[in-house]
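See below for the structure under consideration.
Every number here is computed from the coordinates shown, using simple stated rules; none is lab data. Since this is a predicted model, take the numbers as computed values, not measurements. Ideal geometry is used to build each Cβ from the backbone, glycine not excepted, and the neighbour counts take in all protein chains shown.
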Protein chains: 2
Amino acid sequence: MEKTVPLSENIEDYLETILALQTQNTVARSKDIAEKLDIKRGSVTGMLKKLAARKLINYEPYGYVTLTPEGEKIAKKIEYRHTVLKDFLFRILEVDEARADETACRMEHAMDSQSFKKFVEFIATLDACPYRKQGME
Amino acid sequence: MEKTVPLSENIEDYLETILALQTQNTVARSKDIAEKLDIKRGSVTGMLKKLAARKLINYEPYGYVTLTPEGEKIAKKIEYRHTVLKDFLFRILEVDEARADETACRMEHAMDSQSFKKFVEFIATLDACPYRKQGME
DNA sequence: TGGATAAGTTTTATATGGCTAACATTAAAT
DNA sequence: ATTTAATGTTAGCCATATAAAACTTATCCA
């Protein structure tokens with residue numbers, strides 16, 4: 001029985017970013033991770049080592065970074081949450097897109113599985129109520 | 001023009017806790033703050049000094065803690081968010097109450113004002129759609 | 001092929017925030 | 001009033017995560 005140490009928001013953000021870069025550019029480079037997360041290259045190296053120690057990424061100094069199956073699983077979970085939350089904020093709440101994106105970025109770490117699952121089901125029910133917006137302004 | 005340094009989640013949690021204790025017990029004691037936040041008394045003292053330095057609380061060594069108007073404003077904002085989010089999770093999504101509370105605790109820090117405002121408006125529109133749950137068997 | 005430049009790394013320092021344990025103060029009980 | 005227990009504080013340490021700047025390795029290209 002290994003205790004599952006919860007991943008910090010930070011780690012989730014790194015994994016999500018690496019997944020996005022992998023998808024976009026085939027591989028993730030340190031510099032691009034730094035840019036996306038708006039931090040310095042030196043800080044990235046430190047975290048990559050920690051992620052590798054946790055077996056979430058494959059990492060060799062001066063090499064490209066790829067996600068392990070475990071890392072990818074987590075990254076995809078977060079990516080999915082991001083998509084759902086941003087969509088809710090942008091399309092349903094009509095928050096401006098940039099802000100919807102930023103906010104989704106923070107909310108995606110805050111929900112436990114049960115709550116998120118129920119949230120997804122909830123959103124599906126909204127379609128059954130096309131005139132819901134009547135009451136707004 | 002002073003730049004408004006954003007408050008950490010942590011600080012928001014302290015303020016929210018102090019408000020709750022103030023309301024419950026008239027006054028907030030270090031020990032109770034520690035208990036509510038599940039940290040040690042010594043850690044609380046350190047943070048109280050920082051909150052006082054930021055003029056968010058009134059603090060004298062060995063004295064009681066009270067919120068300044070500024071601190072109270074923030075605490076009430078967070079408390080309100082907590083209420084709304086927990087209510088949404090518990091009553092609408094039907095997440096179990098304890099989990100709804102925990103999750104609200106995290107989500108309350110993740111939303112910007114615009115998003116939260118629209119979220120509140122959105123929840124209000126749900127009443128206009130009483131049969132929405134049909135699809136959820 | 002040998003610089004120049006870009007990318008990656010290392011080291012040192014900073015900030016946050018928690019813990020432990022010893023110490024100080026306050027409050028309660030006898 | 002004095003002792004005891006509860007509460008609050010201090011000091012030193014640890015972990016996380018970032019920045020700055022110097023250094024190393026790769027890459028490009030003339």
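Counting only residues at least eight positions apart within a chain, or on another chain, the lysines with an alpha carbon under 21 Å from that of B:Lys50 are B:Lys3, B:Lys31, B:Lys36, B:Lys40, B:Lys73, B:Lys76, B:Lys77.
Phi angles of region A:18-24 translate, via the Karplus equation with coefficients 6.51, -1.76, 1.60 and θ = phi - 60°, into HN-Hα couplings of 5, 4, 4, 5, 4, 5, 6 Hz per residue; Gly and Pro are given as x. Computed 3J(HN,Hα) for region B:71-80, one whole-Hz value per residue from the Karplus formula 6.51 cos²θ - 1.76 cosθ + 1.60 where θ = phi - 60°, is x, 5, 4, 5, 4, 5, 4, 5, 4, 4, glycine and proline marked x. Position A:Lys77: other-copy label points at 3.2 nm, ordered by increasing distance, label point 7 Å along Cα→C-beta. For A:Asn58, the residues whose amide H sits under 5 Å from its own are A:Thr66, A:Leu67, A:Thr68, ignoring neighbours fewer than 5 places away on the same chain, with H placed 1.01 Å from N. Between A:Arg41 and B:Ile39, the simple label model (points 7 Å from Cα in the Cβ direction) yields a spacing of 3.6 nm. Go ahead and estimate [θ] at 222 nm for chain B from helices alone: -39,500 (n - 2.57) per DSSP H run with n ≥ 4, summed, over the residue count, rounded to 500. Rounded to the nearest 500, the figure is -19000 deg cm²/dmol.
Once you have a ≥ b ≥ c as the square roots of the Cα gyration tensor eigenvalues for region A:76-127, tell me rounded if a/c is under 1.5, and otherwise prolate or oblate according to whether a/b is larger than b/c.
Oblate.
Per residue, the convex hull spanned by the Cα atoms of region A:9-72 measures out at 73 cubic angstrom. Between A:Asn58 and B:Asp112, the FRET efficiency from the beta-carbon distance, with R0 = 30 Å, is close to 0.25.
Each of A:Met107, A:Met47 was scored by other Cβ atoms within 10 Å of its Cβ. Listed from fewest to most, they are A:Met47, A:Met107. Here is how far apart the B:Ser43 label points are across copies: 2.3 nm, shortest first, using a point 7 Å from Cα toward Cβ. In this calculation the C-beta distance from B:Thr23 to A:Ala124 is compared with R0 = 30 Å, giving a FRET efficiency of 0.20.
Ranking B:Arg106, A:Arg41 by Cβ neighbours within 10 Å, fewest first, what do you get?
With the sparsest Cβ surroundings first, the list reads A:Arg41, B:Arg106.
Can you find, among B:Ala28, B:Ile78, B:Ala52, the residue farthest towards the positive end of the dipole of chain B? Put +1 on the C-beta of Lys and Arg, -1 on that of Asp and Glu. About the Cα centre, the residue reaching furthest to the positive side is B:Ala52.
Taken over chain A, the alpha-carbon convex hull comes to 130 cubic angstrom per residue. Taking the Cα centre of chain B as origin and assigning +1 to Lys and Arg Cβ atoms and -1 to Asp and Glu Cβ atoms, the resulting dipole is close to 460 debye. Given axes a ≥ b ≥ c from the Cα gyration tensor, I'd like to know whether the protein assembly as shown is rounded (a/c under 1.5), prolate (a/b larger than b/c) or oblate. Note, shape of the protein assembly as shown comes out oblate.
Note that region A:37-53 has calculated 3J(HN,Hα) couplings of 8, 6, 9, 8, 4, x, 5, 4, 3, x, 5, 4, 4, 5, 5, 5, 4 Hz, one per residue in order, obtained from phi through the Karplus relation 6.51 cos²θ - 1.76 cosθ + 1.60 (θ = phi - 60°); glycine and proline are x.
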